[in-house]
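To start, I am sharing the structure in question, which I have written as structure tokens.
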Amino acid sequence: MLRVGNVSKSYGKSRVIRDLSFDVPEGQMVGVIGRSGAGKSTLLRMVNRLTDVSGGRIDFGGQPVSRLKGKALRKWRGQTAMIFQQFNLIPRLDVITNVLMGRIAHHGTVPSMFKLFSREEKAQAIQALEQLDLADKALQRAGNLSGGQQQRVAIARAMMQSPRIMLADEPIASLDPRSAAMVMDALKEINQSRGITVMCNLHSLETARQYCDRVIGMLHGEKVFDGPPSQLDHDTVQRIYGVNDNEKAVDETVTSAEVWSRNPPSAPAYA
Ligand SMILES: Nc1ncnc2c1ncn2[C@@H]1O[C@H](COP(=O)(O)OP(=O)(O)OP(=O)(O)O)[C@@H](O)[C@H]1O
């Protein structure tokens, strides 16, 4: 269970997350939605400790995540797999070596070359690529793959971490619809077959409805919705995206960018 308890976050004098609380049971797939600047990335970054909370606490399985230090913190980071919009592969290396990089946190030292990974790890990497329908690309240079293929390589690398939670920050924002569907299918498959908790920041409400068991809606750093996608009615959606009645209705396929371009958020959200 992931427990976010009364968490706040400030950058300087600007408070970007305020009094945020929710629990995520193990194995749930949660979509986090909200307009640009709502605090979605900050939330994921606090969970994997790329950034620290300013107040409140985050726990996972009884472990005080937001207070971990040193070795325990490194171990936690190894157990949280992060998927980014821009894939973050090493383009000049081949696909299988990129996937094996997911094991680095499990080695005491950096096994800089392919040879230093064990036979079992290599077999596991091939298996992950097979699951993502990429086994035939194993020896290709990662940088030569399409965006959707690169994101699936990033997911295979994440699987190699044997993570306890997957945190995906707008994983499909730069992909065409077909590639986006393949990436979301892969995340859902991992969530269901391995029971790994997935938290996914999504740009498109339509995708959140389609793939997530639960949706958390954020507005100006506060949780304004938390429930199953079926409860996301018109008024709730308008509220999450901060749209006034006299503005045009929300486009569910490109929601955060669409709303942002029409009506950019005032920054900072809170002083
Ligand atoms: N390192 C930082 N320093 C200062 N302010 C920051 C920093 N990171 C984020 N912010 C601010 O915090 C607020 C929340 O940003 P965050 O990236 O979490 O929003 P988001 O909902 O993920 O937006 P997007 O959908 O555009 O990625 C924004 O006002 C942003 O400008």
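On a 0 to 90° scale, report how tilted helix 147-160 is relative to the longest principal axis of the chain, with both axes built from alpha carbons and the result rounded to the nearest 10.
That helix lies at roughly 70 degrees to the long axis.
Right, next: If you count, for each residue, the other Cβ atoms within 10 Å and average over each peptide, how do 4-10, 73-79 line up from highest to lowest?
The densest-packed peptide leads the list: 4-10, 73-79.
May I pose another question? If eta is 0.890 mPa s and T is 25 °C, what Stokes-Einstein diffusion coefficient results for the range 83-194, Kirkwood Rh from Cα pairs, in µm²/s?
In µm²/s, the coefficient is 177.
While we're here: Sum -39500 (n - 2.57) across every DSSP H segment of at least 4 residues in the chain, then divide by the residue count to get the 222 nm mean residue ellipticity, nearest 500.
Helices in the chain give a 222 nm mean residue ellipticity of -10000 deg cm²/dmol.
If you average the sequence gap of Cα pairs under 8 Å that are 6 or more apart and divide by the length of the range 170-233, what percent do you get for the contact order?
24 percent
Angle between the Cα long axis of helix 119-131 and the longest principal axis of the chain, 0 to 90 degrees, nearest 10?
Once rounded, the angle reads 50 degrees.
Compute the distance in nm between two label points, each set 7 Å from the Cα along the Cα-to-Cβ direction, one at Ser146 and one at Gln86.
Once both label points are built, they end up 2.3 nm from each other.
Same structure, new question: Find the relative contact order for the chain and round it to a whole percent, using C-alpha pairs within less than 8 Å whose residues are 6+ positions apart.
Relative contact order of the chain: 28 percent.
Could you tell me which of rounded, prolate or oblate describes the range 1-154, using a ≥ b ≥ c as the square roots of the eigenvalues of the alpha-carbon gyration tensor, with rounded for a/c under 1.5 and, failing that, prolate when a/b is larger than b/c and oblate otherwise?
Judged from the Cα gyration tensor, the range 1-154 comes out prolate (a/c at least 1.5, a/b above b/c).
Can you sort Thr197, Thr236 by solvent-accessible area, 1.4 Å probe, largest first?
Solvent-accessible surface, decreasing: Thr236, Thr197.
Moving on. Using the Kirkwood radius over C-alpha pairs as Rh, can you work out the diffusion coefficient of the range 2-262 via Stokes-Einstein at 10 °C, viscosity 1.306 mPa s, in µm² per second?
My calculation gives 84 µm²/s for D.
Inverting the mean 1/r over all pairs of different Cα atoms, compute the Kirkwood radius of the range 1-76 and quote it in Å.
12.9 Å
The values are calculated or read from the model by the stated rules, or taken from the named source; none is laboratory data. These figures come from a predicted structure and were not determined experimentally. Here the Cβ is made from the backbone with ideal geometry for all residues, glycine too, and neighbour counts use every protein chain on show. For accessibility, only protein heavy atoms count, side chains too; no ligands or nucleic acids. Shrake-Rupley method; radii C 1.70, N 1.55, O 1.52, S 1.80 Å.
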